[in-house]
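Just so it is clear, none of the values below were taken in a lab; they were calculated from the coordinates. All of these numbers come straight from a predicted model, not from anything done at the bench. Reconstructed Cβ throughout: ideal geometry from the backbone, glycine too, with neighbour counts over all protein chains shown.
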Amino acid sequence: MDHSRRTLLKASLLLPLAALMPLSLLSSFAWGQAASTSMQTLALAIHSEGGPHRLQVEVAETTAQRQRGLMERESMPEESGMLFRFETEQPAENAFWMYRTLIPLDIAYIDGQGRIVAINTMQPCESSTPRDCPSYPAGAAFYSALEVNAGYFAERGIKVGDCVSVPEIAGYCQPAD
């Protein structure tokens, strides 16, 4: 095979790959844009014996948003958090973890009636290997989970059985008697 024929053959083999490259770059860019799009922000209130506690929360509703969560954030304002919403009830053994999460967090698991069914405090995982990070199971079925700065619930006397209302989504719940 002469030099020019070999060059032509190589070029013809690489042409289909080159044609695919812009598409793959475009899809990578589109995925990156989707992952970085801002989440909806809502007001919510936690009703406890100490009165309503109001928060502004980002709402993680898609799988990508829930997977990203609060990863790589160095701080979060005191009266802020993230609400993770699921389309269906999640089983008690479902868990959250702190891989690539830099700040300690409290998490409240919330049932379909807006009641807190479990609370955990989660510490940042310093490992660069995801499997080495502990997970924090709910221990009870839940429809949503609320992450706030660690200590938030204890400092305000918020406990299991207290009620979370999100007026823009599901209306109001009443504190237990």
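Calculated FRET efficiency, residue 123 and residue 168, Cβ-Cβ r, R0 45 Å, to nearest 0.05?
On the way: r = 32 Å, r/R0 = 0.70.
Efficiency, from the Cβ-Cβ distance: 0.90.
Residue 119: net charge of surrounding residues, Cβ under 10 Å, Lys/Arg +1, Asp/Glu -1, itself excluded? Kindly include the intermediate steps, with their values, before the conclusion.
Values: positive: 159; negative: 106, 162.
Once positives and negatives cancel, what remains is -1.
Nearest 0.05, what FRET efficiency do residue 92 and residue 49 give at R0 = 41 Å with Cβ-Cβ as r?
Numbers: r = 26 Å, r/R0 = 0.63.
Given R0 = 41 Å and the Cβ-Cβ separation, E is 0.95.
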